[in-house]
């Protein structure tokens, strides 16, 4: 549900903040007040085309922000699949329009692409009127509307077809990848494996080899330093550490009996002397054991160089090289068994295609059954909406290739298009080629009523839904719009008081000193606006009285409808 619209410096709108609610939100205003700007701004926020011309004169940029609260679990699931994380169920779309005809789009403060925004907007809102975002004009959406009529079994068929289609695509990709490999790859793979296997590497090699290499590299320094330490500890040089410690021990022993602390120090010093003796012995044995194995030192250096060469080719560590070795081995095995694997993959894809065709045919049968339910419901609602002479049909086309094979798609091999005739005796034609803007809105209203218990989109916007109607038909249209608010939030721009009186909230679009603004009307102001819409001029006592009666009747009608919805 759309709960807030913020617009800054958009055409004639300097600054606008609108808080919206559930139910029917109506927008009215005099001709030229700027009603189309509100729809234009929403369109821009949903990914419509923008240019620098939309920026208010004197401003550096225009900003449109749409705030949605997401309650439907299926939409949340779709957002999760798109990698979109919600913040307290809020989805905030912000689009900045720049003079360069470019724009910056943010979703909850994260920059996103225009394609992501368009995918996202298809889940959130439908706008119907003489604007770009008219989903009913695109045949690709017609299948979606029909599928919404289906229950669990139908949706499960769609999921199975999509899953099988994905599996066929995966198998095709594997076959193309395998078929594209050259026979020369086998020799090169063998060479790479032999190059790695020649060193007989293990997971511990890196640590042990580097330790041994460092040892031989610094062997001369090790010998010199350990020999010098041994001499210091043995007293064979001028430092004579051992002799100095023995002198200190004797001096401390002469006085230790006079103080307990001194006796403790004497014991500790004696222990140090014994430790020096032990260390001296250890260093002597270490020096005696030092022996240079020229052959081992040479082999270590050679192996170290060989490992480093492999690291340049296959990874930064021995672990990387061993992982590469496993990958090469697997690829060689596949290359050697290419014909066998290809045959297996072709069998799998044939099996998957047979299952796909079977499921798609079941899906096709289910769609034809839905068509027989859908068409009468839409025709019934069109009749109520003063389009009783309309013929409404659904044309099915099987997608096939020139050779007669089915053309595969995630939606099965059905293509459908809504067909309509708005004049008696005229043949049905594609809806997009026949219907006017106002008719499109009423047709969509009829479809939305038919789908009102199935559609996941929560917000509908109707612009010029009342074109070409008046009187009792206008009253019915208003009641029908209110009727679908049990399942949708509706924003409706209208010039008919019969529709305006059905609104839960009423906003007035007005222009003052060249700027467009929108204000929510209180009860008295709303009465005045309905009176103006009735009279088409300044209000009078009579027009206000008529407006009051219309509002009262509308209130009773809405209460009755809401009561019936509760009973259902």
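What number goes with the only condition from (1) more than 22 Å from residue 122 (Cβ to Cβ); (2) assigned to a helix (DSSP H, G or I); (3) modelled with pLDDT of 80 or more that residue 443 does not pass?
Looking at each condition in turn, residue 443 falls short on (1).
Here's the yes/no breakdown for (1) over 30 Å from residue 177 (Cα atoms); (2) surrounded by 18 or more Cβ atoms within 10 Å (Cβ to Cβ); (3) without any contact (Cβ under 8 Å) to a residue 12 or more places away in the chain:
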residue	(1), (2), (3)
339	no, no, yes
361	yes, no, yes
365	yes, no, yes
377	yes, no, no
382	yes, yes, no
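Answer with yes or no whether residue 334 is under 16 Å from residue 173 (Cα atoms) and either modelled with pLDDT under 80 or surrounded by 13 or more Cβ atoms within 10 Å (Cβ to Cβ) (or both).
Working: under 16 Å from residue 173 (Cα atoms): yes; either modelled with pLDDT under 80 or surrounded by 13 or more Cβ atoms within 10 Å (Cβ to Cβ) (or both): yes.
Considered against the rule, which asks whether it is under 16 Å from residue 173 (Cα atoms) and either modelled with pLDDT under 80 or surrounded by 13 or more Cβ atoms within 10 Å (Cβ to Cβ) (or both), residue 334 comes out as yes.
Here is a list of conditions, (1) more than 32 Å from the chain's Cα centre (by Cα); (2) surrounded by 16 or more Cβ atoms within 10 Å (Cβ to Cβ), and residue 37 meets all of them except one; can you say which number that is?
(1)
Failed condition for residue 99, given (1) under 29 Å from residue 61 (Cβ atoms); (2) at pLDDT 90 or above; (3) under 20 Å from the mean Cα position of the chain (by Cα), with all others met?
It fails just one condition, (3).
Take the residues of the stretch 46-69 that are in contact (Cβ under 8 Å) with a residue 60 or more places away in the chain and assigned to a loop (DSSP other than H, G, I, E, B): which is farthest from the chain's Cα centre (by Cα)?
Applying the filter and picking the extreme gives 49.
Going through 307, 273 one at a time, which residue ends up being assigned to a helix (DSSP H, G or I) and over 30 Å from residue 234 (Cβ atoms)?
Selected residue: 307, the only one of 307, 273 that is assigned to a helix (DSSP H, G or I) and over 30 Å from residue 234 (Cβ atoms).
Name the residues in the stretch 399-420 that are surrounded by fewer than 17 Cβ atoms within 10 Å (Cβ to Cβ) and in contact with a strand residue (DSSP E or B) (Cβ under 7 Å, 6 or more places away or on another chain), would you?
Result: 399, 400, 406, 407.
Checking residue 78 against (1) part of a helix (DSSP H, G or I); (2) touching a helix residue (DSSP H, G or I) at 6+ places or on another chain (Cβ under 9 Å); (3) closer than 18 Å to residue 48 by Cβ, which test does it fail?
It is condition (3) that residue 78 fails.
If you check residue 420 against the conditions, is it in contact (Cβ under 8 Å) with a residue 40 or more places away in the chain and in a strand (DSSP E or B)? Walk me through it before giving the result.
Working: in contact (Cβ under 8 Å) with a residue 40 or more places away in the chain: no; in a strand (DSSP E or B): yes.
Spelling it out, it is not the case that residue 420 is in contact (Cβ under 8 Å) with a residue 40 or more places away in the chain and in a strand (DSSP E or B).
Could you list, in sequence order, the residues of the stretch 424-440 that are over 31 Å from the mean Cα position of the chain (by Cα) and either at pLDDT below 75 or not in a loop (DSSP other than H, G, I, E, B) (or both)? First the steps, then the outcome.
Residues of the stretch 424-440 over 31 Å from the mean Cα position of the chain (by Cα): 424-431, 433-439.
Correct list: 429, 430, 431, 433, 434, 435, 436, 437, 438, 439.
The values are calculated or read from the model by the stated rules, or taken from the named source; none is laboratory data. These figures come from a predicted structure and were not determined experimentally. Using ideal geometry, Cβ is built from the backbone for each residue, glycine included, and neighbour counts are taken over all protein chains shown.
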